[in-house]
Amino acid sequence: QVQLVESGGGLVQAGGSLRLSCSASGIFLSIRTMGWYRQPPGKQRELVGTIARFGTTNYADSVKGRFTISRDNAKNMMYLQMNSLKPEDTAVYYCNTVPGDFGYWGQGTQVTVSS
């Protein structure tokens, strides 16, 4: 059974930083293209960025240059380093495969950026 657990969210002022973690069981993150997603209040979930099997990363234009995805294969974990946060980054953040597997969605972690 696959379980993805996000953590590390919180309340931060604009311009601040947070590092989110995604802990995985039942799936090897290193052999899948994985993504970080977010769902802002009242909006649809969107893909923030991806990390491919061999480590190539891609980002949405809205976060490019501010967010960085990394992976620790030994720990089977994935991370999202978020810098220069903006109020519009406020959302619940999730990790999942790309495309997202319906059965893998976790509870997410709330990120709130105050202005």
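The values are calculated or read from the model by the stated rules, or taken from the named source; none is laboratory data. Computed from a predicted structure; not experimentally measured. Every residue, glycine as well, gets a Cβ built from its backbone with ideal geometry; the counts of neighbours run over all protein chains shown. Ligands, DNA and RNA are excluded from the accessible area calculation, which covers all protein heavy atoms including side chains. Shrake-Rupley method; radii C 1.70, N 1.55, O 1.52, S 1.80 Å.
Within the range 38-47, is even one residue in contact (Cβ under 8 Å) with a residue 24 or more places away in the chain and in contact with a Leu (Cβ under 7 Å, 6 or more places away or on another chain)?
no
Go through the range 68-100 and count every residue that is part of a loop (DSSP other than H, G, I, E, B) and farther than 23 Å from Ala24 by Cβ.
The first filter runs over the range 68-100 and keeps only residues part of a loop (DSSP other than H, G, I, E, B), leaving 73-76, 83-86, 90, 98-100.
Now restrict to residues that are farther than 23 Å from Ala24 by Cβ: 83-86, 90.
Qualifying residue count for the region: 5.
Taking the range 32-82, which residues are open to solvent by less than 50 Å² (accessible area, probe 1.4 Å) and among the aliphatic types (A, V, I, L, M)?
Met34, Val48, Ile51, Ala52, Ala60, Val63, Ile69, Met77, Met78, Leu80, Met82
Which members of the range 3-31 meet the condition of being part of a loop (DSSP other than H, G, I, E, B) and surrounded by fewer than 17 Cβ atoms within 10 Å (Cβ to Cβ)?
Hits for the range 3-31 are Gly8, Ala14, Gly15, Gly16, Ser17, Gly26, Phe28.
Would it be correct to say that Arg53 is of a type in the set (D, E, K, R) and in contact with a helix residue (DSSP H, G or I) (Cβ under 9 Å, 6 or more places away or on another chain)?
Working: of a type in the set (D, E, K, R): yes; in contact with a helix residue (DSSP H, G or I) (Cβ under 9 Å, 6 or more places away or on another chain): yes.
In short, yes.
Mind counting the residues in the range 53-69 that are out of contact with any Ser or Thr (no Cβ under 8 Å at 6 or more places or on another chain) and either modelled with pLDDT under 95 or charged (D, E, K, R) (or both)?
Total satisfying the criteria: 4.
From (1) open to solvent by less than 30 Å² (accessible area, probe 1.4 Å); (2) in contact with a Pro (Cβ under 6 Å, 6 or more places away or on another chain), pick out the condition that doesn't hold for Leu85.
With (1) open to solvent by less than 30 Å² (accessible area, probe 1.4 Å); (2) in contact with a Pro (Cβ under 6 Å, 6 or more places away or on another chain) applied to Leu85, the lone miss is (2).
So Thr50 fits all but one of (1) within 11 Å of the chain's Cα centre (by Cα); (2) at pLDDT below 95; what number is the exception?
Looking at each condition in turn, Thr50 falls short on (2).
Given the residues Leu47, Leu80, which is the only one that is farther than 14 Å from Arg19 by Cβ and not small (Gly, Ala, Ser)? Outline the logic, then answer.
On the way: Leu80 fails: farther than 14 Å from Arg19 by Cβ.
Exactly one residue qualifies, and that residue is Leu47.
Considering Gly65, Gly103, which residue is farther than 17 Å from Pro40 by Cα and in a helix (DSSP H, G or I)? Talk me through it step by step, then tell me what you get.
On the way: Gly65 fails: in a helix (DSSP H, G or I).
After applying the criteria, what remains is Gly103.
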